[in-house]
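Have a look at the structure below, then the notes.
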Amino acid sequence: MDMLDRVVKPKTKRSKRFLEKREPKLNENIKNTMLIKGGNANATVTEVLKDVYALKKPYSVLYKKKNITRPFEDQTSLEFFSKKSDCSLFMFGSHNKKRPNNLVIGRMYDYHVLDMIELDKCPEGTKPMLIFAGDDFDVTEDYRRLKSLLIDFFRGPAVSNIYLAGLEYVLHFTALNGKIYFRSYKLLLKKSGFRTPRIELEEMGPSLDLVLRRTHLASDDLYKLSMKMPKALKPKKKKNISHDTFGTTYGRIHMQKQDLSKLQTRKMKGLKKRPAERITEDQEKKSKRI
């Protein structure tokens, strides 16, 4: 029998009050949270655990020493710490090559793991996909400038090629009823049975509801001047090649003028010229020559 599972009889009034606090109650107490570092937690994960610990004070316990454990394979250490610190919520942070910046949050019931979810921090340097929804972004000047500013703010580095697996998250901006809803989603590529994968979006935060307040916009002349592209960077126009709004390339081919009268159109016997028609045609040609 585990030492924490055995029945302990209180010897003093203080220990009796301590055990009574841990007994089941009709009205549940505020849930305490324990924050545990894995055996290979990096600085980023450690800072996240410290920030959550500061937010949850005084109802949190931070274990500063590293604990070599894998919550999804073995929960005994989590249950041990839960019973030791009387915590019904936990956050476990770890870092490795397969699962970088990994966080596991969960809750306990009767000092046993009830459920837990693994979260992944979005990798740094990832280029997001930007989506703007709402007519205001195209109609109102303030929102049009805001759209341009947001694109500059979040677009990241310019790339020549795109790797499908590298598209990892989406930033969605919705303009509706005078508000701007900012949502961020993680892109999940699922098996579809075809070459093209099935795409699902999973909200990951941050999520903001914004209202447009004061603005300081440049004049139209200054704005056009700032958007002007140098001649050296302008793509050279190729002759006889055009593009539509969807990026489809169209080419124009120049051919010599064709004589349609020389086209072979009659191939059926019933459509062949009669001898009389041939004679009249020959006579017309001779008259033209004369």
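The values are calculated or read from the model by the stated rules, or taken from the named source; none is laboratory data. All figures in this text were calculated on a predicted structure; none of them were measured in a lab. Don't worry about glycine lacking a Cβ; one is built from the backbone with ideal geometry, like all the others, and counts go over all protein chains shown. Remember, those area values only see protein heavy atoms, side chains included, never the ligands or the DNA or RNA. Shrake-Rupley method; radii C 1.70, N 1.55, O 1.52, S 1.80 Å.
Return, ordered by residue number, the residues of the stretch 62-90 whose backbone nitrogen is under 12 Å from a label point located 7 Å along Cα→Cβ of Glu118. Hits in the stretch 62-90 for Glu118 at 12 Å: 70-74. If you count only protein heavy atoms and use a 1.4 Å probe, how large is the accessible surface of Glu284, to the nearest 10 Å²? Roughly 110 Å² of Glu284 is accessible to a 1.4 Å probe.
Would you compute, from DSSP H runs of 4+ residues alone, the mean residue ellipticity of the chain at 222 nm, taking -39500 (n - 2.57) per run and dividing by the full residue count, rounded to the nearest 500? Rounded to the nearest 500, the figure is -7500 deg cm²/dmol. Modelled this way, with points 7 Å down the Cα-to-C-beta line, the labels at Met229 and Phe80 are 6.3 nm from one another. Highest average first, the peptides 166-176, 84-94 ordered by how many other beta carbon atoms sit within 10 Å of their residues are 84-94, 166-176. Taking every protein chain into account, the accessible area of the chain amounts to 85 square angstrom per residue (probe 1.4 Å).
With the cut-off at 21 Å, tell me which of the pairs Lys50/Lys127; Lys16/Lys83; Lys31/Lys84; Lys31/Lys56 have Cα atoms farther apart than that. Too far apart for the 21 Å limit: Lys50/Lys127. The residues Ile162, Ile117, sorted by heavy-atom accessible surface at 1.4 Å with ligands and nucleic acids left out, run Ile162, Ile117 from largest to smallest. Share of carbon and sulfur in the accessible area of the chain stands at 55%, probe radius 1.4 Å. With a Förster radius of 41 Å applied to the beta-carbon distance between Phe72 and Leu208, the computed FRET efficiency rounds to 0.80. Taking only the alpha-carbon positions of the stretch 85-237 and ignoring solvent, what does the Debye formula give for the base-10 log of I(q)/I(0) at q = 0.09, 0.13 Å⁻¹? Taken in order of the listed q values, log10 I(q)/I(0) reads -0.49, -0.88.
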